[in-house]
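Below is one structure, written out as structure tokens; the observations come after it.
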Amino acid sequence: MKKITLLALSALLLAAPATVEAKKKAKEPAYGNQKTTVSHPDWLRDAVIYEVNLRQGSPTRDLKGMQRQLPRLKDLGVDVLWLMPVHPISEKNRKGELGSYYAVQDYKKINPEFGSLEDFKEFVRTAHSLGMKVIIDEVCNHTGGDNVWLASNPDFYAKDKAGNLISPFDWTDTYKLDYSNPATRRAMTDALRFWVEETDIDGYRCDVAMEVPTDYWEEAAKELRTIKPILMLAEASKPELTLNAFDMDYNWPMKDVFNAISATQGANEYAKAKNQSLPTMTAKDILALIEKQNKEYPQGAVSMNMVTNHDLNSWEGTEIERFGPALGAFATLSYTLPGVPMMYTGQEVGYNHAFEFFKHDTVPDYTANDITVFYEMLNSMKKKHRALDATNPRENFTPLSVTDEDVIAFTRVSGDDKVMVIANLSGEEAKAPFGDNTPSVAGLVDYFTGAAAAVPEALAPWQYVVFTSK
């Protein structure tokens, strides 16, 4: 187990003074000229999402223990809590000691490992009293190998030509559901309704959402929104899902670009250790991706940006392993590029450890440090500056002309509020990155220092600056 040192933390801050989808999507039609029909909840605009790994999130590894962490997370600036699946885990073909969160045994019960239904309700009530929202992870594509539906409704399940149940991908502890059966759809929607109506949760993060028919999501989301305004987050990068069903999806492609830039510059120690061959990319590939996504996604759709989550942490390396000295720059981009930022358990203290996925592991020491202050500032910036609102029209993002392909610079503007970001995404100094076209920073301040904004004549390796309206 490794923890980031205070020296490394200080170096990080000086610059500021699913793994890849389980199944690659096929080419999709472009929706850029259409508008999403989804009405986002008002609180999505400046949201910061925090993914809770209950097994590793508190000393008692349960809902009550995590409930005691809520005031700390509120002070951090988190306002949406995403809990990994809270349901009982199947025992058949169970992986490891405790099994996978994503092999659900019963959709209407709480995993006794985490507490009782009343414990969960109290967790939600406490979060709401602090002004925080709660969404839970739901696994609608497949169930665990001994889910109660296998006995009561075997016709809910997909079967191969020989009549055998199907385990999707290499997930041998699960069986795939059959959404061509209307009864399957009704049962799943009833399960989704249960948690909104019974416990007052505020939405769902839907696992491998691209594997479930889009028309099902449209039906279910429409029905759920008759109960209360909810957030629907798709674990997918599929524009079609955000047209009529989901508020937001995963920005997996941006994660891939971040990782590739880090590897190109020799900062991705995880890629080195695993002998990964990632494509050569530079800062300009970030802008190219945004331009591409503007054509693919409906207007008003939102994506979630990240430098880590449970898939990445356990299977693709910690954010510190993948970014090293570049972490400050990429974390800042995850907050300032269009979209909603997310954090994962332990990220706020620079916990450099890949959690075991199928058993208990060491719980982070949440004592605040320089990294904590850094994320507190990013979270506060997201709240203070409406230019960073996730639901702003795409026109509020404007790239700035640079002479160095390793430098990214852009502004985001809403009314009289402005945010300018300049970052050197390389391990080498960037001299005169704007040539003779230095952008005006009149009326702006350096967000991290409070000093009057001044565009650097040169950017140190991995240096980034954020200028904002006063």
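Coordinate-derived values only; no laboratory data. What you see is a predicted model; the values in this text were computed from it and never measured. So basically every Cβ, Gly included, is an ideal-geometry build from the backbone, and we count neighbours across all protein chains shown.
Extending 7 Å from Cα along the Cβ direction at Glu356 and again at Glu118 yields two label points whose distance is 3.2 nm.
Quick check: convex hull of the Cα atoms in the range 6-392, volume per residue, rounded to a whole Å³? Provide the component values of the computation, followed by the final result.
Values: hull volume 54.8 nm³, N = 387.
So the per-residue hull volume is 142 Å³.
Step through the table entries Lys108/Lys222; Lys228/Lys284; Lys109/Lys272; Lys74/Lys108; Lys108/Lys255; Lys228/Lys418, compare each Cα-Cα distance with 31 Å, and write down the pairs that go over it.
On the way: Lys108/Lys222 21 Å; Lys228/Lys284 41 Å; Lys109/Lys272 43 Å; Lys74/Lys108 28 Å; Lys108/Lys255 33 Å; Lys228/Lys418 33 Å.
With Cα atoms farther than 31 Å apart: Lys228/Lys284; Lys109/Lys272; Lys108/Lys255; Lys228/Lys418.
If I stretch the segment between Lys222 and Thr37 completely, what's the gain in nm (0.36 nm per residue apart, minus their alpha carbon distance), one decimal?
On the way: separation 185, 0.36 × 185 = 66.60 nm, distance 1.05 nm.
Roughly 65.5 nm would be gained on extension.
Between Ile166 and Gln299, the modelled label-to-label distance comes to 3.8 nm, taking each label 7 Å out from Cα in the direction of the beta carbon.
Return Arg94, Arg193, Arg186 ranked ascending by Cβ neighbour count within 10 Å, so the fewest neighbours appear first. Spell out each step's value before the answer.
Details: Arg94 18, Arg193 15, Arg186 12.
Ranking Arg94, Arg193, Arg186 by Cβ neighbours within 10 Å, fewest first, gives Arg186, Arg193, Arg94.
Rg and Dmax of the range 388-456, based on Cα coordinates, read 12.8, 36 Å.
DSSP beta bridges in the range 6-392, what fraction antiparallel, as a percent rounded to 5?
Details: 6 of 32 bridges.
Restricted to the range 6-392, the bridges split so that about 20 percent are antiparallel.
Evaluating 6.51 cos²θ - 1.76 cosθ + 1.60 at θ = phi - 60° for every residue in the range 329-346, the Karplus couplings come out as 5, 6, 4, 4, 5, 5, 8, 9, 5, x, x, 10, x, 10, 10, 10, 2, x Hz, glycine and proline recorded as x. Here the spin labels are modelled as points 7 Å beyond Cα on the Cα-Cβ line, and at Ser440 and Arg193 they lie 5.7 nm apart.
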